[in-house]
């Protein structure tokens, strides 16, 4: 199940583990990504709190945790190749995997159609 | 002139091919390619003749250096040529109009340089006996007196090394004053249009930053400030004239609001050059304000410093001024370097830097102040404001003003609406100015305006210079609107370099020269 | 006024074009009662000749270093700077250019910065250096903050050999930011137990070498202890010429090195402007304060340089920036780089050797003066002398009666510390044999 936030993160949920990244639209707005600051494994994330920072040449943007959980893996490939975020934002350019907290509420996240409609309004 | 064959020296033809022609050396006539010192220098070469050391003695203990340093040397002619060639790849205020808004690229008088190099100023040590440097202390005191008088404040801290350092100094005074009153007010209000240094300086010493929105007319309103104030707010940082080039109409009411709440008003003095001799910040309620001597008082920017950022302080903050400071007693300067030398009512919060501040900038600024006098300083402010408004008047029919309802101060802000649909961005427009022989204006700042272009012509330009500048921008604007996008998107074409790949620089930073690995 | 090109008729024409009757109409947003009617109570404009006369008179009141046998140091050193340096930094294109925000037309400044960064990194024995800080003392404050960010701890331990002004800068910043500082007592004897102070709360330990008393410090054991508990070693150098003779801090395990670069290219100038050198390990580069210049290529593939990794900085990150620093010490860094390029490794090594041998000569001669004790076992070009009486009184007497600037009394830096009988004596290549003999004779006579 893949869901989206209004801050342009995507989250793909598979059982109690979820993969998080930024959307194709978001990377387009940022321009060439030059650096991604990822959280340490084991870090507790709270929904809406800072999870990572993505940097282009002239901007730094926070990436927020879409749900509560704990970081179980960070995408080390981004250290050497931050351009992956531009090339494959919703695949190889993922940021982190998190183990979701018990009973997280996904009701205010958007599905793909809703997110696309949301982007149209921007 | 004719050559020895009597032929005309005029070229037969010029055509497009000439524009893209390459040369064997890579040079374009006066613009010569220059390698790095690490590529042309050699470890055994030196450009300085020193006597041979005699001694075989050592008191270095076990710490004598064994490894080489990899520092190449150049003989004097090589060094001169290296740096002269490099210098020719730079734009400079001496060579042309430099309309960087918020940066104040005015003429740098050479008298200032001469005065700073008088041995009595340049060749004295900061810790010589005070009796041997009274003339140097006089300079510190005299620059301070001018700053206090021009701003209508009570005191000045001279030691901050640059504008941002001055902000830090001022915010520390505010923090010390709050602490002395036993108040816990950790929040600072900062408008969204502020320089990035403002929130950064406040955050560095533990203040929380709370943004205040800018109104649609580019100003900050007292009602927005009142709405943001609660009992945790200890200070407000406001640039005035603001970063949109507007004098804040409600500044006195804003100052009163923060004072009523028990807080302090920090003013960013980056734009003081618009109002010197016209209005005194002390009269509109400022408690602390740094002054960029390298902006308002013409000390050279030097490719990025050194600056100097003295901070003037109100009666409420004067007691907290940092060490060291110069106190005048019976017409003679007294240097106070340590808390043990203070008197009642002097409670410095500490020290910001080694020694006494940017003396070499004080001498330059003093030469500028003495040259202008109070009358010349006022005229300079008026001319800066006049020139900015003239540029505005000559361009406002073609370019777009985000804030047409207020007169500009020393700089005029345009946005990029006039480029809508042309395929030309603010960046492209700026790069095309380079081809026309101009340094671009400040771009994309302030952040509250889309595609901002902030133009500060300063008082140093003649009317003829302004007229040519305006004509150039009009021509560029018309070209953009006429669809000549190549002139913009491919620019600059005639500079020593075309556009540089900043993404590549940031993705895999190469921050120093490394010996190339020898080919197999 | 000679600096203002607009004439009265220009001004009238421009006002007409703007469509206002008088200049004050453009100041309409200033409350009318705040607009000054009278000029400020300050002198009126003056010609160049008059200004020169006034300022020359002020300058003439000072005793210059070149006019006296001169032995002051303590963080600011008199060295010979080739005439070429001062000429080149006054080229319009270096002097009157802004920060290189438009790289296509500022490759000169940018290449100089790239060369400067490389020279600094090599000199300090570190992997990466920035484009300079204001000076050594503020750089030290920034280094402590950087160590706090890296270690996520907030306690700095400052050696008693750290220049007292530097320690005060760190202490002021830390007090304001509510960070902890352990400031060791002045380490005159060189016996402080710094290792004892380094614990699991320590973010960094700050050690100067040669220290403020002139002693050369073995940094390796301090680095080892710091690293064992996850802390960093911040090494400070206030006299970079020493690095022509002694091992740099990098190979000894320093994580951040800060140095005062004034000694090369820059005059004493009563304390400023100077230039801070700042270097670290590559892995910490994103936590570094200040500007960085990096290599890249332009659209035609030619090598060029740009300011880079700007997302660390205040104009993008605002309150989350690594520092509030905006400017660097551009022209002072340029002068530093030019002087070092002229010297090269051969010249720097020779300059260092000359400093060291001149200092040994004075130290040995002073040690022979009855009642005088040289406290250092090791030193480069500066050492501490214990006098039978008050050092300040002696220095003032020699300045007044003999025109000799004999050094910096320790009590000038540490008033009230009970160190009134200590004098710091710095001897550089600028001193002549006569100067050195005059100092020793005058001290013997005065005691």
From the option list C:326, C:332, single residue qualifying as modelled with pLDDT under 95, assigned by TED's automatic domain parsing to the domain that holds residue C:267, buried (at least 24 other Cβ atoms within 10 Å of the Cβ) and out of contact with any strand residue (DSSP E or B) (no Cβ under 7 Å at 6 or more places or on another chain) is C:326
Taking region B:50-83 and the residues there that are more than 7 Å from every other protein chain (Cβ to nearest Cβ) and within 30 Å of residue B:33 (Cβ to Cβ), the one that is surrounded by the most Cβ atoms within 10 Å (Cβ to Cβ) would be B:82
Among strands (runs of 3 or more DSSP E) completely within region A:39-109, the ones holding 2 or more residues that are within 14 Å of chain C (Cβ to nearest Cβ) and in contact with a strand residue (DSSP E or B) (Cβ under 8 Å, 6 or more places away or on another chain) are A:50-56, A:60-64
task = Could you tell me whether any residue of region B:171-178 is surrounded by fewer than 21 Cβ atoms within 10 Å (Cβ to Cβ) and without any contact (Cβ under 8 Å) to a residue 24 or more places away in the chain?
result = no
All-but-one check, residue B:302 against (1) facing chain C (nearest Cβ under 7 Å); (2) under 29 Å from residue C:36 (Cα atoms); (3) within 26 Å of the chain's Cα centre (by Cα), failing number (2)
Of B:367, B:388, the only residue that is within 7 Å of chain C (Cβ to nearest Cβ) and either surrounded by 24 or more Cβ atoms within 10 Å (Cβ to Cβ) or part of a helix (DSSP H, G or I) (or both) is B:367
Counted residues in region A:44-73 being closer than 18 Å to residue A:91 by Cβ and either crowded, with 22+ Cβ neighbours inside 10 Å or in contact (Cβ under 8 Å) with a residue 60 or more places away in the chain (or both) come to 4
Scanning region B:426-443 residue by residue, the ones that are touching a residue at least 60 places away in the same chain (Cβ under 8 Å), at negative phi and either part of a helix (DSSP H, G or I) or surrounded by fewer than 17 Cβ atoms within 10 Å (Cβ to Cβ) (or both) total 5
* Asked: over 20 Å from residue B:350 (Cβ atoms), in a loop (DSSP other than H, G, I, E, B) and touching a residue at least 24 places away in the same chain (Cβ under 8 Å), is that true of residue C:193?
  -> no
Over region C:90-112, the set of residues part of a helix (DSSP H, G or I) and at the interface with chain B (Cβ under 8 Å from one of its Cβ atoms) is C:92, C:93, C:94, C:95, C:103, C:104, C:105, C:107, C:108, C:109, C:111, C:112
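Yes or no: residue C:428 under 14 Å from residue C:359 (Cα atoms) and buried (at least 18 other Cβ atoms within 10 Å of the Cβ)?
Considered against the rule, which asks whether it is under 14 Å from residue C:359 (Cα atoms) and buried (at least 18 other Cβ atoms within 10 Å of the Cβ), residue C:428 comes out as yes.
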Only unsatisfied item for residue B:215, checking (1) touching a residue at least 12 places away in the same chain (Cβ under 8 Å); (2) under 23 Å from residue C:30 (Cβ atoms), is (1)
_Qualifying residue in region B:444-462 (condition: within 10 Å of chain C (Cβ to nearest Cβ), over 18 Å from the mean Cα position of the chain (by Cα), modelled with pLDDT of 95 or more and not in a loop (DSSP other than H, G, I, E, B))_ = no
message = Kindly evaluate residue B:221 against the criterion of being surrounded by fewer than 24 Cβ atoms within 10 Å (Cβ to Cβ) and free of Cβ contacts under 8 Å to residues at least 12 places away in the same chain.
response = no
Screening C:131, C:156, C:185 for residues that are part of a loop (DSSP other than H, G, I, E, B), touching a helix residue (DSSP H, G or I) at 6+ places or on another chain (Cβ under 6 Å) and not assigned by TED's automatic domain parsing to the domain that holds residue C:407 leaves only C:131
Reported set for region C:113-128 where residues are within 7 Å of another protein chain (Cβ to nearest Cβ) and touching a helix residue (DSSP H, G or I) at 6+ places or on another chain (Cβ under 6 Å) is C:115, C:119, C:123, C:128
Given the criteria away from chain A (no Cβ under 14 Å) and assigned to a strand (DSSP E or B), does residue B:476 qualify? no
With criteria (1) more than 7 Å from chain B (Cβ to nearest Cβ); (2) farther than 27 Å from residue C:445 by Cα, residue C:329 comes up short on (1)
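Look through C:304, C:344, C:250 and report the one residue that is at negative phi, at the interface with another protein chain (Cβ under 7 Å from one of its Cβ atoms) and touching a strand residue (DSSP E or B) at 6+ places or on another chain (Cβ under 7 Å).
C:304
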The condition of being touching a strand residue (DSSP E or B) at 6+ places or on another chain (Cβ under 6 Å) and within 30 Å of residue B:372 (Cβ to Cβ) holds, among B:385, B:412, only for B:412
Only one of B:439, B:410 is more than 14 Å from chain A (Cβ to nearest Cβ) and touching a helix residue (DSSP H, G or I) at 6+ places or on another chain (Cβ under 6 Å), namely B:410
Picking from B:287, B:283, the residue that is in contact with a helix residue (DSSP H, G or I) (Cβ under 8 Å, 6 or more places away or on another chain), over 26 Å from residue B:402 (Cβ atoms) and within 13 Å of chain C (Cβ to nearest Cβ) would be B:283
Being surrounded by fewer than 23 Cβ atoms within 10 Å (Cβ to Cβ) and either under 30 Å from residue B:436 (Cα atoms) or facing chain B (nearest Cβ under 7 Å) (or both) narrows C:152, C:61 down to just C:61
Going through region B:113-142 in order, the residues found to be farther than 19 Å from residue B:328 by Cα and either more than 7 Å from every other protein chain (Cβ to nearest Cβ) or surrounded by fewer than 21 Cβ atoms within 10 Å (Cβ to Cβ) (or both) are B:113, B:114, B:116, B:117, B:118, B:119
Picked from region B:340-353 (must be more than 9 Å from chain C (Cβ to nearest Cβ) and more than 28 Å from the chain's Cα centre (by Cα)), the residue surrounded by the most Cβ atoms within 10 Å (Cβ to Cβ) is B:346
When residue C:317 is run through (1) more than 7 Å from every other protein chain (Cβ to nearest Cβ); (2) in a helix (DSSP H, G or I); (3) free of Cβ contacts under 8 Å to residues at least 12 places away in the same chain, the failure sits at (1)
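The values are calculated or read from the model by the stated rules, or taken from the named source; none is laboratory data. Since this is a predicted model, take the numbers as computed values, not measurements. Reconstructed Cβ throughout: ideal geometry from the backbone, glycine too, with neighbour counts over all protein chains shown.
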